[in-house]
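See below for the structure under consideration.
Nothing in this text is a laboratory measurement; each read-out follows from the coordinates by a stated rule. Note that the structure is predicted; figures quoted are calculated from it, not measured. Note that each Cβ is placed from the backbone with ideal geometry, even for glycine, and that neighbours are counted across all protein chains shown.
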Ligand code: HEM
């Protein structure tokens, strides 16, 4: 869409470009972190590898995931105000999915804390399955914003 009449004016397309860019960074982090957990789970608690994974995971969270989540939300809400998306059904569905994805990130954070404290609550297979969630959510979100089936 190239509606330049909203409050963002000609900046609209730039905001959209920035939104999609940070969505890519966010998704990269969401794919990476549970993959790290799969490898981390297999290390011996307290070993040098265990400590190395704890450090890598903390970096993915603080350098990629947290900033990307905040920026995607800010830019997305600006776009929503610009195109008056809050009155549209496709956007309600998208909002539900992005809230779920943000909650998923919260869950990833809590699972990482458990791993860091020496717990291994889930099997590697379960973590691999959970790793599919962001991909499925992203595919649904892209259909909602591009196709707008309702
Ligand atoms: C976190 C909260 C989010 C909000 C509030 C939000 C909101 C929006 C809005 C209102 C638009 C504008 C559509 C237009 O101008 O036509 C948009 C565009 C877009 N969003 Fe999001 N979004 C969010 C997260 C995401 C996520 C997680 C993804 C993908 C996984 C995503 C993918 C896209 C894409 C691909 C577009 C471009 C669509 C087009 O070219 O028209 N967004 N977003």
Unit-weight point scatterers at every alpha-carbon of the range 73-150, Debye formula, q = 0.17, 0.23 1/Å: log10 I(q)/I(0) is -0.75, -1.06
Put in order of increasing Cβ neighbours within 10 Å, starting from the fewest, 50, 84 give 84, 50
Ratio for the chain, C-alpha Rg to 2.2 N^0.38 Å, reads 1.21
Rounded to the nearest 10, the angle in degrees between the Cα long axis of helix 48-59 and the longest principal axis of the Cα atoms of the chain comes to 10 degrees
Rounded to the nearest 10, the angle in degrees between the Cα long axis of helix 133-146 and the longest principal axis of the Cα atoms of the chain comes to 10 degrees
Asserting the computed 222 nm helical MRE of the chain (DSSP H runs at least 4 long, -39500 (n - 2.57) per run, divided by residue count, to nearest 500) equals -24500 deg cm²/dmol
Computed from every Cα-Cα pair in the range 15-100, P(r) in 5 Å bins starting at 0 and rounded to whole percents is 3, 13, 19, 18, 14, 10, 9, 6, 4, 2, 1
Between the Cα axis of helix 12-41 and the main Cα principal axis of the chain, the angle (0 to 90°, nearest 10) is 20 degrees
